[in-house]
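Report on the structure given below.
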Amino acid sequence: MATLHIVRQSAYNTDDFAQCLQVLNTNDVIVFIDDGCYNLQHSLLNTIESSKNIQLQVITQHASARAVSINDAIFTKITMDDLVSLTFENDRVITWQ
Amino acid sequence: MADTLIKSLALLNTKAPYSNTAGKDALDIALIFGSFEQKVSLFFQGDGVWQLMAGQNGSIISVKDYLKTFAAFEFYDIDTIYVCQTSLTQRNLPANFHIEQVQVLNQQAFAQQLTLHQTILRF
Amino acid sequence: MAIDFNGEQIATDKQGYLLDYHQWHEDLATIMANNDAFELTAAHWEVVNFVRQFYLSYNTSPAIRALTKAMKAEFGEEKASSRYLFRLFPDGPAKQATKYAGLPKPKRCL
Amino acid sequence: MYNFSCTIFRNKTVNKLAVMITTPPYSNLSVTALDYIETALKNGVELIGVFFYQDGVLHADAHVQIASDEFQAISHWRKLHQAYKLPLYLCITAAEKRGISDEQTQNISPIFTISGLGELVELSTMADRLVQF
């Protein structure tokens, strides 16, 4: 019963990502796209409880375009194909934009 | 199995009521889903909680006061309205709302209720 | 567009809906209906007044289902059906009753 | 080629998609939306319709001009509409509010279907996923 969270905004600019973190449930997936890629080093990431088993994924192109480097130990690099796939692998989608 | 699932929509309101049309745009969706007898729930998080606070009067600043329409929800079968306690606390707001059927939920319960809906649109 | 009413020009849109719902008056409603060759009976007035009251309370005109639900509470089961309302207002109760109640034209997207 | 159908329920394939666009054509967010939609179509997802709401309706304005060296969101919609018979539903109330009209200005691009929020209800009923962009 997992939810796919599509994060499109920088947490340095809006509250969207903080709100996303408030409604996380176990096994949810967060995908950072667009300006959401600016969150890859945000301190909010440290507030995610490891017990929740949250997957963190990034569309590589979107991060590269912004000169944001992706820490492979934390984030899974994905493509748009994968995002489409995730839409159906999870039970519901919330877009944080 | 699939056939027994009742589809339902969650509208996640996150913007304060007056400076943009997000709240009104979400309300229009809620009313139309209600009119078509589709299950719809309203969630208020972040600055969205301001939409529920009692004592507002948009007409003072020439806003068409769409918040008054919330009182008509019963006629659209909209009866599940949740507000996030954390968002209220962050804003130092009491649970004093201009409609009655609002349920204040802690963060975990709020997140849990969202998962009971197949579609979530955020405004 | 405008309606001449007691020597005053009441502005309307192309379809004859009042632009300012504050300017509404019962006699004005009768004139608007006459212009459409439509007769308002007591049964029509019941709905027109109810729709106007709904708008004044909730800042929105009720969609048909909400209207029947709200009317049920007020007038009972018999008048709370869309069949009853469509018989009174063949062009659609939401469109016609709001017009004579002096309310804004319902949104096209409904 | 990927296969994006996902069998969650027995005997039922979950791959009917509907998308709601709320971002304007001059925003890079629309590029992402188009990319997502095109990717879904290319991979055989059944995309039953795209609904344009809020500033998303600006995609339907035939008068919009974007410099030729910038991303042409609107011609991309045309391409997808033609290649995949993709239905593009326009919320006419949101459009008229922004000067896009089939009556006054007549500036609605013909690839769009004039509709209302009732269409969104329909899409959400039919689709396995309704995703907002």
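With a/c under 1.5 counting as rounded, go ahead and sort region A:3-96 into rounded, prolate or oblate using the C-alpha gyration tensor (a ≥ b ≥ c being the square roots of the eigenvalues; past the cut-off, prolate if a/b is larger than b/c, else oblate). Taking the square roots of the gyration eigenvalues as a ≥ b ≥ c, region A:3-96 is rounded. With a 10 Å cut-off around each Cβ of A:40-47, the average count of Cβ atoms from other chains is 0. Per-residue 3J(HN,Hα) values for region B:84-96, derived from phi via the Karplus relation 6.51 cos²θ - 1.76 cosθ + 1.60 with θ = phi - 60°, read 7, 4, 4, 5, 5, 4, 4, 9, 6, 9, x, 7, 10 Hz in sequence order (x marks Gly and Pro).
Whole percent per 20 Å bin, from 0 to the bin with the longest distance: what is P(r) over all C-alpha pairs of the protein assembly as shown? Using 20 Å bins, I get a P(r) of 22, 53, 22, 2 for the protein assembly as shown. Here the dipole of chain C is about 700 debye; that uses its Cα centre as origin and unit charges on the Cβ of Lys and Arg (positive) and Asp and Glu (negative).
Going from most exposed to least, what order do B:64, C:79, D:97 have by accessible area with a 1.4 Å probe? Write down the numbers at each step before the final one.
Working: B:64 105, C:79 50, D:97 125 Å².
Largest to smallest exposure gives the sequence D:97, B:64, C:79.
The overall shape of region B:2-122, judged from the alpha-carbon gyration tensor, is oblate: a/c is not under 1.5, and a/b is no greater than b/c. Backbone amide hydrogens, once placed in the peptide plane, bring residue B:44 within less than 5 Å of B:13, B:82, B:83, B:84, excluding anything fewer than 5 places away on its chain.
Here residue A:64 sits with roughly 80 square angstrom of accessible surface, probe radius 1.4 Å. Each chain gives up part of its surface: C and B jointly bury about 1400 Å² of accessible area, both sides summed, for a 1.4 Å probe.
Between B:48, A:86, B:61, the Cα set farthest toward the positive side of the dipole of the protein assembly as shown (charges on each charged residue's Cβ, about the Cα centre) is that of A:86. Classification of chain C by its C-alpha gyration tensor yields a prolate form. The axis ratio a/c (a ≥ b ≥ c) is 1.5 or more, and a/b outweighs b/c.
For residue A:54, the residues whose modelled amide H falls within less than 5 Å of its own, excluding neighbours fewer than 5 places apart on the same chain, are A:27. In this structure, residue D:62 and residue C:15 have a Cβ-Cβ separation that, at R0 = 35 Å, corresponds to a calculated FRET efficiency of about 0.85. Between residue C:72 and residue B:93, the simple label model (points 7 Å from Cα in the Cβ direction) yields a spacing of 3.2 nm. Rounded to the nearest 10 square angstrom, residue A:77 shows an accessible area of 100 square angstrom against a 1.4 Å probe.
Here the label points at residue A:61 and residue D:125, each 7 Å from Cα along the C-beta direction, are separated by 3.6 nm in the simple model. Per-residue 3J(HN,Hα) values for region B:51-67, derived from phi via the Karplus relation 6.51 cos²θ - 1.76 cosθ + 1.60 with θ = phi - 60°, read 5, 9, 5, 5, x, 7, 8, x, 5, 4, 10, 6, 9, 5, 7, 6, 5 Hz in sequence order (x marks Gly and Pro). What is the calculated FRET efficiency for residue A:46 to residue A:25, with r their C-beta to C-beta distance and R₀ = 22 Å, to the nearest 0.05? The value I calculate is 0.70. The Cβ shell under 10 Å around residue A:34 holds other residues with a net charge of +1, Lys and Arg each +1, Asp and Glu each -1. Largest GNM mean-square fluctuation across D:101, D:68, D:109, computed for chain D with C-alpha springs under 10 Å, falls on D:68.
How high is the relative contact order of region A:3-96, in percent, with contacts defined as C-alpha pairs under 8 Å that are six or more residues apart? The partial results should precede the final answer.
On the way: 156 pairs, mean separation 34.3, N = 94.
Once divided by the residue count of region A:3-96, the mean separation gives 37 percent.
For chain D, would you read off the P(r) tail past 18 Å as a percentage of all alpha carbon pairs? For chain D, the fraction of Cα-Cα distances above 18 Å is 53 percent. Considering only alpha-carbon pairs that sit under 8 angstrom and 6 or more positions apart, the relative contact order computed for region B:2-122 is 33 percent.
What fraction of the DSSP beta bridges in chain D is antiparallel, stated in percent and rounded to the nearest 5? Provide the component values of the computation, followed by the final result.
Values: 3 of 20 bridges.
The antiparallel fraction comes to roughly 15 percent.
Sorted by accessible area (1.4 Å probe), largest first, how do B:49, B:104 line up?
Numbers: B:49 0, B:104 55 Å².
My answer, sorted largest first, is B:104, B:49.
Residues whose amide H falls under 5 Å from that of residue B:10, counting only those 5 or more places apart or on a different chain, are B:41, B:119, B:120, B:121, with hydrogens built in the peptide plane. Rounded to the nearest 20 debye, the dipole size of the protein assembly as shown about its Cα centre is 580 debye, using +1 on the Cβ of Lys and Arg and -1 on the Cβ of Asp and Glu. The helix-only estimate of mean residue ellipticity at 222 nm for the protein assembly as shown, built from DSSP H runs of length n ≥ 4 each weighted as -39500 (n - 2.57), is -9500 deg cm²/dmol after division by the residue total.
Given a Förster distance of 25 angstrom, what is the FRET efficiency for residue A:53 paired with residue B:106, based on the Cβ-Cβ distance and rounded to 0.05?
Once rounded, the FRET efficiency stands at 0.75.
Phi-derived couplings, Karplus 6.51 cos²θ - 1.76 cosθ + 1.60 at θ = phi - 60°, listed residue by residue for region A:87-97: 4, 9, 6, 9, 7, 7, 10, 10, 9, 9, 9 Hz, with x used for Gly and Pro.
The values are calculated or read from the model by the stated rules, or taken from the named source; none is laboratory data. Fair warning: this is a prediction, and the values are worked out from it, not measured in the lab. Ideal geometry is used to build each Cβ from the backbone, glycine not excepted, and the neighbour counts take in all protein chains shown. The accessibility values were calculated without ligands, DNA or RNA, using every heavy atom of the protein model including side chains. Shrake-Rupley method; radii C 1.70, N 1.55, O 1.52, S 1.80 Å.
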